[in-house]
Every structure is written in structure tokens, then in C-alpha cells.
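K.L.:
Below is the structure I would like to discuss, written out as C-alpha cells.
The values are calculated or read from the model by the stated rules, or taken from the named source; none is laboratory data. Every value quoted in this text rests on a predicted model; they were computed, and no experiment measured them. Here Cβ is always computed from backbone atoms with ideal geometry, including for glycine, and neighbour counts include all displayed protein chains.
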Amino acid sequence: MRRRFIIMKEKRKKKKLCSFLLCFVMLSALVIQAFADSEVPLNDSLTVGVPLNRSPIFYINADTNEITGIGVDLMRIAAGNAGFEVTFRPMTEKTLKDALDNPSYDVILPFGSAVESTSGKPSIVSENIMQTPFTLMTAGSKTHPPLNDLHVGMLSSLAAGAETVRQLYPGMEITLYSSMSECVKALRAGEVDALLHNSYVWSYVLQKPAYRDLTVQPQAMFSMDFRAGTPDTPEGQRIIARLNEGIQALTDTQRQAVILDHTSRKLYRYDFSDYFYQYGLIALLIVLLLIILLLIAMQRVRAVRKWHEEKVRQMTEYDPLTGVYSMNGFRKRVEVLLRTFPDAPYFLSYNNIRDFKYINDSLGREAGDELLRFWASKSMKNLSEKDEAIGRIDADHFAVLRHIVSEERMREDEQNVFAPVYNFFLNQGINFRVQICTGIYVLTPKDFRNIDVDHMLDLARVAEKRVRDSRKGAFEFYNPDQWDKGKRIAEIINYLPAAIKAGDIQVWYQPQVNYETRMVTGAEALCRWDHTKLGWLFPFDFIGTLEAAGLIFDLDCFVWERVCQDLHRWNEQGKRKIVSVNVSRDDIREDRDISVHFQNLIQKYNLTPDQLHVEITETAYVENSELLISTTEKLRSLGFQVEMDDFGSGYSSLHMLKEVPVDRIKLDLHFLTASGDSEKCRIIVRNITRMINELGMKMIAEGVEQADQAEFLKSIGCAEMQGYYFYKPMPVQDYENVNERI
């Protein structure tokens, strides 16, 4: 029994030992696997550092500005065979040893053999990418000692290669120089016996004319390996191992093709020093002479061409007798002016001297020519070269493009130009008074959109013919209504700055009321212009004109500023009020943020945003909805109340009500005042009011003129109103005296 017990005990011990060994093996496998999994995965892209002073091995392609060369192309093929994507970077370090310490390079070219970095780190090199022949170069036909006894010069960038050379030839003394010019200088000075470099590089260097006294010693040729190198680290070893697979796939045919491609290229480019060395002083003199001759010739050609161009231009665009534009030149000049000043009011006149043939026949052609020259001279003195023009169409016919300014300008033209022409012969003692027939065509907006100078002249001729047929010397308009309109536009545009400064433009207020509470709740700011010539002007008299001329922002800024001044004064008096101001669609542009403008105004006058309501017309949202909506959102985010003005005046849509983020809708009551079925109008207004209320917006009706309109609006839930039934627009002094309760 005891023995059985001992045997069973030993079996259990063996079983435990086996289990322990099995666990140990499994744990070891897991640890090994973990270490294997923890290794840094190999990157599929390589950054290769290369020197750039070794054409044709490494150089910058002058056409593509990319790094190329024999070594670059072979490395790219080998790396591609290994599955790498290669990026070449120029080495900024002086030597390959220094470059080995730069972690930004994955691989460095070229190495003959493995060397230590400047900091003492070991390196690992790839298999040989190609055999590079190295040869000696001496000065002239000078003989050199055996290789083991030589003192050679090499570039300092070849320091790693120099170590390989020392291994091949232990007795060779090597001195490193920073540049090829220093190497050649040392050779010529006898400091070294020869220079050592890659034969391919020598084929490039010896193309320099100044090095033609140097001689390559082919009998001293030997080969060195051309390898890629990197620090000897686990990652470096994996890169080299993988790169070696790509190098092994390189064929001799590929190597020879790449070498032939770059060695057959004409890579060396002469610089000025090369030409000067080769041709010397004679070349310099020839170049200077050629430059002088070329400059003289160019100046002469330029002067002749300019003279011819000016002559042709003068002949085609100017009248040789009077010096004003010819018909062709006048047509071109008018087209330019109308495109440059598309908003300026212009008229075009066609002028004809009555009985000019009689003047030529009775007084002589010279007298007629003198008259034409005199007329042209007087006209040019009276016109602005910047934005007006005169041309001689033919014979005694002149055309003038002139700004519409005022009737005073017309009288000045009559006095300064026409009167002297009328009296031209009388002032010379000849009893003959010149008569001029003038037809005037006032340009319309259509003429600026579709410029047709010949058509405008034809219309002016029609008016001129009416004058000529009447046998009176005078002028007549082709379109007198357009003349009155153009003159009025000019008077509005030209007088705006002075009117603002002089206080001729006034801000009036029309009170807004709550019809249920019978209280004045606010006011709308409106403009009135006491024009020095045209009398009192209402907004519809000048707003459209200023918008077309691009001046509405100047007027609106004045109104906004004046309203804020009034609000500030009322606040100081303890009378807090609310005013709605209008914003034109032309005030809102990509390059102008009016929300910031309004914010600056209320800060300047110590107001709160809710005191200034901003009214933007419904049509503006239709024309530029995206910009208007973003502007509205900015204004509301700053605390301003935004109102859609003139709702229902022509472009209302449910989509717009859904998209536009406004606080209050201002309903235009044309539904109730226009002709048509009055009951249908009331149904429309009733449902619009209900819809606006359900959308959570406030509503005010404008244009309320009758008591039944006010009662109807009140019955459908619209208590806010504005119109002549309550108050007309009034000056600020009258508005300040309005009772708060109506």
C-alpha cells in the first residue's frame, strides 16, 4: 500500500511538472508574439537625403525644378521594386556623416561602405546599386606617383567615400575641400598631386572652360560601390533589407539606360564667367557693342512705331482741320464715356451751320475753314475733357456729348460758344451773321445699356432738321420730356451734398398708433427736401433718382443719424420713444455691414436697440434674399426690431414669410383702397392678418385713411396702424407736441 501511495504521488508530481512546462511554453509564445506585434510597422514612404553638387549623379532639373540624376533614378526604381514611395530632399549637412545624425532622412545616398556618424552612431548600408568609376585628375600633363603614395584632394561632402578610399589605399593622403573651385585651386597651387572624384562627375565638371587645362588619368581608374545608408537600428535594418530586394530586381539594362540618359544630356550651363573666360575682353566688347546697337535700334523702332501709331490714330480719330474728334473718334469716345459714367445725365447735340456753302462761295474756303476752327476752339475750351466730347462729323456738322446740369449751363454755352460764332464775321467787319441749327437728343437709360452712337446722332439730326426747315437759327429737343427729366435728375444729384449740409433735407415723423388703446406707440421717419430750385420734394420725387445714382446710402446715413440724435434728446428729456427707419435695398451690400453701422449709432447716442426699428421693403427680400436674410439675422442678434415694409405691394409669397426672420410685418392697405371686389379684398386682408398672427409675428397696417378701415382692421385683430386717418407726416417740432393718447 505504501508503495502504491508513493507511486501515485510521483505520478501527480510529474503531471504538475508537465502542466507547468506547457503553461511556460504557451506564455513564452504569447510574449514572443507580443514583442513581434509591438514592433514599429515599416513605413511605405522613404525620405532620401542626397547632395546636389554632383551632376549628373544628383542635380536639380532646370525645367521641372525637381531633384534628378543617375543616383536618383536608380534609387527610385529600386525603391519602387521594394514597394516604397520615395521623396528626395537636398542634404543641408556638409558631410554624409553629419546627415546620418539627422532623423528627418530615412535613407542617405551615396555610401561606398558603412561608416560611423559624426556623433559615433554605426550605420548600415544596402547592397550595391551600381558601380561608380572613380578617376584621378591632374593639372596639365603632370605625372603622378603610385596610388598608395598620392596626396589627393576630395570634396568634403565625400568624407564617407574618402574613408572607403583609405581602406582600399591605406597609404593615400586625402585632404577635403568644401567646393570644386577650392579643389582645383589647391591642385594648381601644388598642394595636392591630383583630385579624386566620380568619373561621371568629371565629365560634367570638365565642361567648364576654365578647367580645360585639367587632365583625367584613365589609367588610374578604379570602381567604388554606390549604396544607400542609414543608422544601424532595427528600423534601419528592416528598411535596408526591404530595399535590398528592390536593388536585386535592378537589371544591368536599366542601370545602363539611366546612366546613358543623364550622361548624354547637356547639363552644364555656361554662366557669364565661362563666356568671359572663353572669349575674354573681345567678347565683352562685342557684347557691349551689341547691347548699345540693340538699345539704339529698339529706341528707334519704338519711336517710329509710336510715331506711326499716333499718326494713324490722329488720322482716324481726329479731324485734321479743327483738332476735335473725327466721326470715328467721336463714336469711340462717346462709347467709353457712357460705360464709364452710366448714371450721369447726358445729351447729344447735332449742330449745323446754315448756308455754309454760301460762306465758302462768297467769302472763300479759307474763311469757312477759319470759322470751323474758331467754333471748335471755343467749344473745346468750354467742355470737360474728362467726361465730355466734341467731334466734327463732316463738313460744317459738329456733334457734342454734354452733361445735363441746368438751364444756366445752356445759357452759358450760348454766351461762351454760340454767340462768338454768330458774330465771327461781324467782328471782322463783314456784314454776315452766322446761323447754327442744333438738334438735341437727351439720352435715356436704354442708351446706356445698348450704346448706339449712330442711332443717337440720327435722332439728334431729326430735331436739327426741324430747326433747319423752320428757317430759324435755334435749337430743338428730340425728346423734351426726357430733357426735363434729365435736368431734374441732375439738379437732385448735384444738390444733394449741399442740401444735407445746409439743412434743406429734413426728417419728418408720422406717428403710429394702437387703435384699441388709443395710444401713440411710435413713429416712422420720413424725408422732405426743401429744394432751393424745385421747392418741396417728397420721397418719391428723389429716392429713385438717388438709388439709380448710387447716392441713397448718403441720404439714409443722414436720416439715421438725425433720428438717433432726436431719440437721444428725447431720452434726456425723459420721453422715451420708438422710431422706425427705412433701409434701401442698395444700402445692403457684400462690402458694407449696416448692422455694425446701426450698432455704432446706438452706442454713440446711448440708445437701446429696441428704440430703433429697421424697415426693409418686401421687394428687397425678393431681389437679394440670401444677403437680406443674413443681414436681418445680424440686426436681430444685436437686439434691433426688423420690419418687412410694404408687404402686399406686389411680391408677397408664403415662402418668403417662412424664410424671412422679421419681427413685424407692415401691411400695405392697397387691398382695401384699390379698385375691385371690396369683399374679396377684406377676405384677403383678414386671412393675411390671421396667418401673420399665427406665425408669431407682429403686424401694423399702413395707409389707413378712413374710419371704416380702422374699425375693420381692429375687428380682425390688427390694432397697430399708421395713416392719414390718424396723423400725416410732420416736422419734428410738431411731432414732439403730439399727445400720447389720440
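K.L.:
For segment 218-232, check the following and say yes or no: at least one residue is in contact (Cβ under 8 Å) with a residue 40 or more places away in the chain and in a helix (DSSP H, G or I). Lay out the reasoning, then the answer.
P.N.:
Just the residues of segment 218-232 that are in contact (Cβ under 8 Å) with a residue 40 or more places away in the chain, to begin with: 218, 220-232.
Retained after the next criterion (residues that are in a helix (DSSP H, G or I)): none.
No: segment 218-232 contains no residue that is in contact (Cβ under 8 Å) with a residue 40 or more places away in the chain and in a helix (DSSP H, G or I).
K.L.:
Does THR340 satisfy the condition of being exposed (fewer than 11 other Cβ atoms within 10 Å of the Cβ), closer than 30 Å to PRO480 by Cβ and either touching a Phe, Trp or Tyr at 6+ places or on another chain (Cβ under 6 Å) or not acidic (Asp, Glu) (or both)?
P.N.:
yes
K.L.:
Just one of SER406, SER377 is out of contact with any Asp or Glu (no Cβ under 8 Å at 6 or more places or on another chain) and among the polar types (S, T, N, Q); which is it?
P.N.:
Working: SER406 fails: out of contact with any Asp or Glu (no Cβ under 8 Å at 6 or more places or on another chain).
Just one listed residue meets the conditions, SER377.
K.L.:
With respect to GLN278, determine if the residue is more than 47 Å from the chain's Cα centre (by Cα) and at pLDDT 85 or above.
P.N.:
no
K.L.:
For segment 368-389, state whether one or more residues are basic (Lys, Arg) and either in contact with a strand residue (DSSP E or B) (Cβ under 9 Å, 6 or more places away or on another chain) or at positive phi (or both). Before you say what the answer is, go through the steps one by one.
P.N.:
Looking only at segment 368-389, we keep the residues that are basic (Lys, Arg), and these are 373, 378, 381, 386.
Of the ones still in play, those that are also either in contact with a strand residue (DSSP E or B) (Cβ under 9 Å, 6 or more places away or on another chain) or at positive phi (or both) are none.
Looking through segment 368-389, none of the residues is basic (Lys, Arg) and either in contact with a strand residue (DSSP E or B) (Cβ under 9 Å, 6 or more places away or on another chain) or at positive phi (or both).
K.L.:
Report whether or not ARG302 is free of Cβ contacts under 8 Å to residues at least 24 places away in the same chain and either surrounded by 10 or more Cβ atoms within 10 Å (Cβ to Cβ) or in a loop (DSSP other than H, G, I, E, B) (or both). Break it down stepwise before answering.
P.N.:
On the way: free of Cβ contacts under 8 Å to residues at least 24 places away in the same chain: yes; either surrounded by 10 or more Cβ atoms within 10 Å (Cβ to Cβ) or in a loop (DSSP other than H, G, I, E, B) (or both): yes.
Judged against the criteria, ARG302 is a match.
K.L.:
Look at LEU176 and say whether it is hydrophobic (A, V, I, L, M, F, W, C), surrounded by fewer than 18 Cβ atoms within 10 Å (Cβ to Cβ) and in a strand (DSSP E or B).
P.N.:
yes
K.L.:
Collect the residues in segment 220-257 that are of a type outside the set (A, V, I, L, M, F, W, C) and touching a strand residue (DSSP E or B) at 6+ places or on another chain (Cβ under 9 Å), keeping them in residue-number order.
P.N.:
Hits for segment 220-257 are SER223, ASP225, ARG227, GLY229, THR230, PRO231, ASP232, THR233, GLY236, GLN237, ARG255.
K.L.:
Within the group SER126, SER117, which residue is more than 20 Å from LEU168 (Cβ to Cβ), surrounded by 16 or more Cβ atoms within 10 Å (Cβ to Cβ) and of a type in the set (S, T, N, Q)? Break it down stepwise before answering.
P.N.:
On the way: SER126 fails: more than 20 Å from LEU168 (Cβ to Cβ).
So the residue among SER126, SER117 that is more than 20 Å from LEU168 (Cβ to Cβ), surrounded by 16 or more Cβ atoms within 10 Å (Cβ to Cβ) and of a type in the set (S, T, N, Q) is SER117.
K.L.:
Mind checking which residues of segment 570-603 are small (Gly, Ala, Ser) and part of a helix (DSSP H, G or I)?
P.N.:
SER595
K.L.:
Can you spot a residue in segment 433-450 that is assigned by TED's automatic domain parsing to the domain that holds HIS397, basic (Lys, Arg) and either within 30 Å of LEU546 (Cα to Cα) or not in a loop (DSSP other than H, G, I, E, B) (or both)?
P.N.:
Checking segment 433-450: at least one residue is assigned by TED's automatic domain parsing to the domain that holds HIS397, basic (Lys, Arg) and either within 30 Å of LEU546 (Cα to Cα) or not in a loop (DSSP other than H, G, I, E, B) (or both).
K.L.:
Specify which of the listed residues (LEU136, LEU195, LEU187) is in the same structural domain as PRO51 (by TED's automatic domain parsing), crowded, with 16+ Cβ neighbours inside 10 Å and assigned to a helix (DSSP H, G or I).
P.N.:
After ruling out the rest, the residue left standing is LEU187.
K.L.:
For segment 401-451: of the residues being among the small types (Gly, Ala, Ser) and within 30 Å of ASP355 (Cβ to Cβ), which is nearest to the chain's Cα centre (by Cα)?
P.N.:
Ranking the qualifying residues of segment 401-451, first place goes to GLY439.
K.L.:
Taking MET91, is it crowded, with 21+ Cβ neighbours inside 10 Å and among the aliphatic types (A, V, I, L, M)?
P.N.:
Here the answer is yes, as MET91 does meet what is asked.
K.L.:
Taking segment 601-641, which residues are over 17 Å from VAL559 (Cβ atoms) and more than 33 Å from the chain's Cα centre (by Cα)?
P.N.:
Once the filter is applied, which keeps residues that are over 17 Å from VAL559 (Cβ atoms) and more than 33 Å from the chain's Cα centre (by Cα), segment 601-641 yields GLN603, ASN606, THR608, PRO609, ASP610, GLY639, GLN641.
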